[in-house]
Amino acid sequence: MRRRTALTLPALLLPSLLPGLATPARAAEFPDRPLRMIIPFTAGGSNDIVGRLVAEHMSNHLGQTIVVENKGGAGGLIGTDLVAKSDPDGYTFLLGGSGSFLISSLVQPNVPYDIIKDFTSIGFIGNAPNVITVNPKVPVHDMKELQALARKSKPPMSFATPGVGTTGHALGAMIAQVLDVPLEFIPYRGTGPALTDVLAGRVSMITNAAAPLKPHIEAGRLRAIALAAPKRSEILPDLPTTAEQGFPQIQSATWYALLGPAGVPQDRVNRLHAALNATLAEKSVQQRMIEEGVEIEPSPTPADFTKFLLEDRERWKQVVDRAGMKVE
C-alpha cells in the first residue's frame with residue numbers, strides 16, 4: 001500500500017516541484033476580465049468627460065477594457081452607493097468628485113455610506129480650480145470691490161448655485177463667510193440653468209470650474225474676478241487668484257479621484273494606482289485635461305489621497321456647518 005501510494009504522489013506534486021511546467025491552480029493575474037467605472041452623473045458633463053478619458057487610457061495600461069457606466073441621481077448618492085456595496089475585488093470603482101462624493105456626504109440626509117470607512121482610495125486625478133464670476137453689469141472687478149458692494153447691497157447680492165450642497169453652493173458660502181457679507185443663494189437644477197440666469201442679468205454671481213465659463217468670459221458675457229486657488233491656472237493665466245488678492249482662505253476646486261469599495265486587496269489597489277498614474281503621465285491625456293481646466297495632480301500613493309480626503313472633508317465640514325447647508 002505504501003509503495004503504491006509513493007508511486008502515485010509524484011504525479012500530483014510534479015508541477016509544483018518543477019517550476020518550468022504549467023500550474024493550473026495558479027491564480028490568474030489581476031485583471032483578467034473587463035472592469036467597470038461608475039460615474040455618478042449622467043453623460044455629457046465634466047465628470048463624464050474626465051472619467052471616460054481616464055478609463056480609455058487606463059484600459060491600455062491594464063490590458064483590459066474599462067466599461068463606463070453612468071449612474072446619476074440624488075446628487076451622486078446613487079452611483080456612489082452602488083460602488084460602496086459592490087464586491088471588493090477591484091473590478092468596480094468610482095469616479096469620485098468634490099461635490100458628488102465629499103460635499104454631498106455632508107449635506108444630504110441619511111447618506112447610506114461613510115466616505116472614509118466604506119471606500120478604498122485608489123488615487124487622485126486632479127483639480128479644476130473654481131472661478132468666481134459676475135454679470136458684467138455688476139460694478140466689481142476684484143474681491144475687495146465685491147466685498148465693498150456686497151456689504152452695502154440691499155437686498156443682498158444674488159448668487160446662483162447648481163443646487164443645494166453642490167461645490168458651487170459651498171464655495172458661495174465660503175465667500176460669504178470670509179468676506180463677512182450677506183449673499184442670497186438661489187439654487188437651480190444644474191449649472192446650465194444657473195448660468196443662463198447670470199448671463200441674462202437676473203442673478204449677480206456664479207462660480208464653477210473654468211472650462212464651462214471660459215467662452216463666456218472671453219466673449220464678455222461674464223466677468224471673472226478671481227480664481228479660488230493658491231496659484232494661477234493655465235486655462236486662465238491672466239486671472240489673479242483669491243490668495244493674490246488677500247483672501248487665501250477662499251480656495252475651491254472641482255477635484256476628481258478613483259475609489260473602490262472597502263476591502264479591495266492592496267496588491268490590486270497598487271495595480272490600479274500604477275495604471276492611473278501611468279495614464280496621467282501621457283502627454284495626450286495631459287493636453288485634454290488642460291482643455292477641461294483640470295490640473296493633473298497624481299497622488300504618490302493611495303494613502304496620500306486618503307490623507308487629502310480627510311483634510312478636505314474637515315475644511316468643508318466647517319463651512320457647511322456654519323452655513324447650515326442641508327438638502328431638504
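Nothing in this text is a laboratory measurement; each read-out follows from the coordinates by a stated rule. None of the values given here were measured: they were computed from a predicted structure. Cβ coordinates were reconstructed from backbone atoms using ideal geometry, including for glycine residues, and neighbour counts include every protein chain displayed.
A few comments on the model shown:
- Karplus-derived 3J(HN,Hα) values for region 228-236, using 6.51 cos²θ - 1.76 cosθ + 1.60 with θ = phi - 60°, are 7, 7, x, 9, 5, 10, 5, 6, 9 Hz; glycine and proline are entered as x.
- Using the Cβ of Arg189 as centre and a radius below 15 Å, the other residues enclosed give a net charge of -2, where K and R count +1 and D and E count -1.
- Of the beta bridges in region 129-227, as assigned by DSSP with both residues counted there, near 55 percent are antiparallel.
- Other residues with beta-carbon under 13 Å from the beta-carbon of Pro230 carry, at +1 per Lys or Arg and -1 per Asp or Glu, a net charge of -1.
- Between Ala303 and Lys231, the FRET efficiency estimated from the beta carbon spacing at R0 = 30 angstrom works out to 0.75.
- Each label point was placed 7 Å from the Cα along the Cα-to-Cβ direction; for Lys317 and Glu291 their separation is 4.0 nm.
- Span per principal axis, largest first, for the Cα atoms of the chain (Å): 101, 41, 31
- Fully extended contour minus Cα-Cα distance, from Lys152 to Lys137, at 0.36 nm per residue: 3.7 nm
- For Thr254, nonlocal amide neighbours, meaning residues 5 or more places apart or on other chains whose placed amide H falls under 5 Å from its own, are Ala128, Asn130.
- The separation of region 58-86 from region 257-318, counted between C-alpha centres, amounts to 15 Å.
- Helices that extend 20 Å or more along their long axis by alpha-carbon positions and average at least -0.5 on the Kyte-Doolittle scale are, among the DSSP H runs of the chain, 2-17, 46-62, 266-280.
- Percent of beta bridges antiparallel (DSSP, the chain, rounded to nearest 5): 60
- Fully extended contour minus Cα-Cα distance, from Val327 to Asp238, at 0.36 nm per residue: 28.4 nm
- According to the Kirkwood relation over distinct C-alpha pairs, the hydrodynamic radius of region 129-227 is 13.0 Å.
- At full extension, Glu29 and Ala278 could sit 87.8 nm farther apart than now, given 0.36 nm per residue minus the alpha carbon distance.
- Here the peptides 89-95, 164-170 are ranked by packing, the mean other Cβ count within 10 Å, and the order with the highest first is 164-170, 89-95.
- Excluding same-chain neighbours fewer than eight residues apart, the lysines reachable from Lys326 by a Cα-Cα span under 23 Å are Lys71, Lys117, Lys317.
- In region 198-328, the alpha-carbon atoms span a convex hull of 159 Å³ per residue.
- Normalised size of region 170-267, defined as Cα radius of gyration per 2.2 N^0.38 Å with N residues, equals 1.30.
- For Asp267 and Arg189, the FRET efficiency from 1/(1 + (r/R0)^6), where r spans their Cβ atoms and R0 equals 35 Å, is about 0.25.
- Distance from the alpha carbon centroid of region 189-225 to that of region 108-156 works out to 14 angstrom.
- Net charge dipole size for region 201-247 [Lys, Arg +1 and Asp, Glu -1 on Cβ; Debye, nearest 20]: 180
- For the chain, size of Cβ-based charge dipole, Lys and Arg +1, Asp and Glu -1, in debye: 520
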